[in-house]
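Below is one structure, written out as structure tokens; the observations come after it.
The values are calculated or read from the model by the stated rules, or taken from the named source; none is laboratory data. Bear in mind that the values here come from a model prediction, so they are computed numbers and not experimental data. Please note: Cβ atoms are built from the backbone with ideal geometry, for glycine as well, and neighbour counts cover all protein chains shown. Please note that ligands, DNA and RNA were not included when accessible areas were found on the heavy atoms of the full protein model with its side chains. Shrake-Rupley method; radii C 1.70, N 1.55, O 1.52, S 1.80 Å.
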Amino acid sequence: ITRRIAMIAAAGALISGAMPALAADAIKLRISTPAIESDWHAKMLPVFKDELEKLAPGQFNVEIHLNATLFKQGTEPAAMQRGNLDMAMISAQDIAKQIPEWSVFTAGYLIRDPEHQKKVFRGDIGKQFYGMVEEQMGLKILDVGYLGTRQLNLRGDKKIETPDDLSGVKLRMPGSDAWQFLGSALGASPVSIAFGEIYTALQTGVADGQDNPLPTDKAAKFYEVTKQIVLTNHLVDAIFLSISSKTWDKLSDDQKAKVMEAAQKAIAYNDENRIRDEAELVEFFKRQGLSVYEPNRDAFRERVQKAYQTSDFAKSWPEGIVDKINAVK
Ligand code: KDO
């Protein structure tokens, strides 16, 4: 047996010596996400994979796992920290569980629009906050992606003008303190449900509503089981394409640069498609029979901003950070 193993090993060495681009030599990059196939942040992953293959042929083996089949929503950071997962698209809410300063980015009505988001995270503030993630969590954020601007999407047909109108509304939010807090700040009664279970929860009435950006509402067909979309614009949401330092540190400088380049191409693809979609989708939902309208946004903004300013979260925000974020033009 030993001889046979030795022979196989020798043959392997021979083959890999002759063909360095063999898949067996390639660095495996396993990506896990709760995103569904038809949504833009899922569609950007094959873009990442193809770009990386073009830039570094045969050097990487990108494996994409959608629908939270590999890791449950929100457990990806811990999986990457343990070295069980290479890459994921994580949220500020996920990060805030371990780095309380990050909760500033879970606050509603802070980031103004996709452009503001890019400038904040690609500038000095991003450097400071990405540094914390690298040092404290052992994760490297490659780039920020625009997930979209979150809106309310409800089963009932009662018109919503102000946060008071949401009183008693069971609003599905993802399962973490930061998300639940946002639901309460909006005036609703938050219920924690994973992304993959939203459709059924809306269908059966376990939830009266949910909040997601319009492109996701379309991709997940939530319009089939809801009657209205209230354009609150309450959270300009981000996803952070990240890689475990355990994987990142194994790469050569050249490979790092190529992974970064492919990540930025994928993010650009996601952002362009989402921004275009958001401009067009109101009409789509109206054609599906939903009523889509703007509530009293000032009333929502005032209530949500006050809730965050006076929250425990705010106690951990770096001094002056809100002013600094506001000042980014
Ligand atoms: C959601 O569960 O509502 C959410 O939009 C939260 C995001 O942080 C992100 O996890 C997203 O779901 C998934 O990628 C599914 O689109």
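Among 247-255, 196-204, 263-271, what's the highest-first ranking by average C-beta atoms within 10 angstrom per residue?
Values: 247-255: 13.8, 196-204: 16.1, 263-271: 21.1.
Averaged packing, sorted descending, gives the order 263-271, 196-204, 247-255.
So for the chain, Kirkwood radius off the Cα pairs, Stokes-Einstein at 37 °C and 0.692 mPa s: how many µm² s⁻¹? For these conditions, the coefficient is 156 µm²/s.
Based on the mean of other Cβ atoms within 10 Å per residue, sort peptides 311-321, 68-78 so the most packed one is first. Display every interim value, and only then the final one.
Values: 311-321: 13.5, 68-78: 18.8.
By packing density, highest mean first, the sequence is 68-78, 311-321.
Would you kindly work out the equivalent ellipsoid of the range 249-329 from its C-alpha gyration tensor and give its semi-axes, the square roots of five times the eigenvalues, largest first in whole Å?
The equivalent ellipsoid of the range 249-329 has semi-axes of 34, 28, 11 Å.
Per residue, the chain reaches -14000 deg cm²/dmol at 222 nm when only DSSP H runs of four or more residues are counted, each adding -39500 (n - 2.57). Rolling a 1.4 angstrom probe over the protein heavy atoms with all chains in place gives the chain an accessible area of 46 Å² per residue. Gap in Å between the Cα centre of the range 124-152 and the Cα centre of the range 279-321? A separation of 20 Å, based on Cα centres. Normalising the average separation of contacting C-alpha pairs (under 8 angstrom, six or more residues apart) by the number of residues puts the relative contact order of the range 178-329 at 33 percent.
Counting only C-alpha contacts under 8 Å and six or more residues apart, can you give the relative contact order of the chain as a whole percent? It would help to have the intermediate numbers written out before the result.
Values: 576 pairs, mean separation 82.2, N = 329.
Relative contact order of the chain: 25 percent.
With the convex hull of its Cα atoms as the shape, the range 99-176 has an orientation-averaged projected area of 6.8 nm². Taking every DSSP bridge with both residues inside the chain, close to 55 percent are antiparallel. Each principal axis of the Cα cloud of the range 148-242 was evaluated for its coordinate range; sorted largest first, these ranges are 40, 27, 21 Å. Hydrophobic, long helices, defined as DSSP H runs whose alpha-carbon span along the helix axis is 20 Å or greater and whose mean Kyte-Doolittle value is at least -0.5, occur in the chain at 2-18, 40-55. In summary, the aspartates and glutamates within cross-link reach of K315, defined as a Cα separation below 20 angstrom excluding same-chain residues under 8 places away, comprise D94, E101, D177, E302, D323.
Calculated over the range 78-124, the projected area of the Cα convex hull averaged across directions stands at 4.0 nm². The alpha carbons of the range 33-133 give a radius of gyration and a Dmax of 15.3, 44 Å, in that order. Shape of the range 28-89 from its Cα gyration tensor (a ≥ b ≥ c, root eigenvalues): rounded if a/c is under 1.5, otherwise prolate when a/b > b/c, or oblate? Verdict is oblate for the range 28-89. Close amide H partners of L139, meaning residues 5 or more places away or on another chain with modelled amide H under 5 Å apart, are E134, S245. Every Cα-Cα pair of the range 161-320 was included, and the share exceeding 27 Å stands at 38 percent.
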